[in-house]
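Following: one structure in structure tokens, then a few remarks.
The values are calculated or read from the model by the stated rules, or taken from the named source; none is laboratory data. This is a predicted model, so every value here is computed, not measured. A quick note on method: Cβ atoms are made from the backbone with ideal geometry, for glycine too, and the neighbour counts reach across all protein chains shown.
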2 protein chains.
Amino acid sequence: MNRASEKTLITIGKLSERTGVNIETVRYYEKIGLIPKPYRSEGGNRLYNPEQAKRLAFIKRCRELGFHLDTIREFLKLVDEKNFTCAEIADISQRHLENIRAKIRDLKKIELHMKDMLSQCNKNNTPDCAFIEILFT
Amino acid sequence: MNRASEKTLITIGKLSERTGVNIETVRYYEKIGLIPKPYRSEGGNRLYNPEQAKRLAFIKRCRELGFHLDTIREFLKLVDEKNFTCAEIADISQRHLENIRAKIRDLKKIELHMKDMLSQCNKNNTPDCAFIEILFT
DNA sequence: GTAACATCTGTAGTAGCTACAGATGCAAGG
DNA sequence: CCTTGCATCTGTAGCTACTACAGATGTTAC
């Protein structure tokens, strides 16, 4: 650590604040080896540099897109080893996109089914409910 | 147990087969009190009657619609106690429908974002990937 | 120096299953 | 009657991706 990097080191609290990733989650990512072990202060508190913050932000964005941690791990490995091609990344992402589309289709089916059943309900204060009827028989 | 009911009792394997619910899952539902404890054979094997099979099928259908076990538990309690109104059931279901719609909206946003990023990829066998670029910076 | 806050480690809990291990139950064939 | 082989049994541990503590320290501002 040189003087310049010391200046830019931040605590886990600041890191969490800036990336929007929970402190506990940051420690969890470290534990499972998704992010490297950070520097420590003399007392033992974690200290992160901008590079590590960038890495965490990347993970956050991938998570928001619904990627599994294992897939993110794969992305990071490829990037770290500078051993990836756009075709390869695009392929993984394309498959993920298909999964998302499949999920949307599934949910739409459920939505339709729910809507349909609810439309058959009288919504009265009586114990005759089409929704329950349909599902129970 | 009378002679008639004895005839219709089925093992957990048959129950699983007929309802499409995994054997382990049936035992899990029993453990968490979602389904009542079944009869047992002299040797100790579980035996189910049609009523219990119907209950399990109801749970299965609710799960397929994405209801949480806690909600299903609530449904069953209301039905068991014959203490429900259509309005009440419809209300719970309506809220669930809203959740499903919210999920669909979220997934559609992700789909769009993914599609957009992927369209910027050159898909070459080179390590310059728009997808990674966008997420890393 | 001390109060107040941040961070530390380690463990246990969440949902809804699933996957064993190792011991029995049970039904059919010889 | 006995064996073979499949079905079930109990109990525990694992999965994903976190989250929530407890109880002990680090750090900072006054």
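Taking the range A:101-130 as the range and being of a type in the set (A, V, I, L, M) and surrounded by 13 or more Cβ atoms within 10 Å (Cβ to Cβ) as the test, the residues that pass are A:104, A:107, A:110, A:114, A:117, A:118, A:130.
Residue check: is residue B:121 over 18 Å from residue A:65 (Cα atoms), at pLDDT 95 or above and within 7 Å of chain A (Cβ to nearest Cβ)? No; evaluated as a whole, the condition is false for this residue.
Scanning the range A:76-92 for residues that are surrounded by 15 or more Cβ atoms within 10 Å (Cβ to Cβ) and more than 7 Å from every other protein chain (Cβ to nearest Cβ) yields A:76, A:78, A:88, A:92.
The condition (being part of a loop (DSSP other than H, G, I, E, B), surrounded by 12 or more Cβ atoms within 10 Å (Cβ to Cβ), within 11 Å of DNA strand D (Cβ to nearest atom) and at pLDDT 95 or above) is satisfied by just one residue among A:43, A:66: A:66.
Just one residue in the set B:133, B:98 is modelled with pLDDT of 95 or more, within 19 Å of residue A:74 (Cβ to Cβ) and surrounded by fewer than 17 Cβ atoms within 10 Å (Cβ to Cβ); that residue is B:133. Any chance the range A:74-89 includes a residue that's closer than 22 Å to residue B:106 by Cβ and within 21 Å of the chain's Cα centre (by Cα)? Yes; the residues of the range A:74-89 include at least one that is closer than 22 Å to residue B:106 by Cβ and within 21 Å of the chain's Cα centre (by Cα). Checking each residue in the range A:115-132 for being hydrophobic (A, V, I, L, M, F, W, C) and within 16 Å of residue B:80 (Cα to Cα) picks out A:129, A:131, A:132. The lone criterion from (1) more than 18 Å from residue B:137 (Cα to Cα); (2) within 11 Å of DNA strand D (Cβ to nearest atom); (3) in contact (Cβ under 8 Å) with a residue 24 or more places away in the chain left unmet by residue A:96 is number (2). Among the candidates B:32, B:12, the residue that is surrounded by 13 or more Cβ atoms within 10 Å (Cβ to Cβ) and either without any contact (Cβ under 8 Å) to a residue 40 or more places away in the chain or within 11 Å of DNA strand C (Cβ to nearest atom) (or both) is uniquely B:12.
Scan the range B:23-30 and give yes if some residue there is under 15 Å from residue A:135 (Cα atoms) and under 18 Å from the mean Cα position of the chain (by Cα), otherwise no. Talk me through it step by step, then tell me what you get.
Kept after step one, since they are under 15 Å from residue A:135 (Cα atoms), are these residues of the range B:23-30: none.
No, the range B:23-30 contains no residue that is under 15 Å from residue A:135 (Cα atoms) and under 18 Å from the mean Cα position of the chain (by Cα).
Across the range B:93-112, the number of residues qualifying as closer than 21 Å to residue A:99 by Cα and more than 7 Å from chain A (Cβ to nearest Cβ) comes to 6. Reported count of residues in the range B:15-29, each being within 14 Å of chain A (Cβ to nearest Cβ) and within 11 Å of DNA strand C (Cβ to nearest atom), is 0. Candidates in the range B:42-72 are the residues that are away from every other protein chain (no Cβ under 14 Å) and in contact (Cβ under 8 Å) with a residue 12 or more places away in the chain; of these, the one that is farthest from DNA strand C (Cβ to nearest atom) is B:49.
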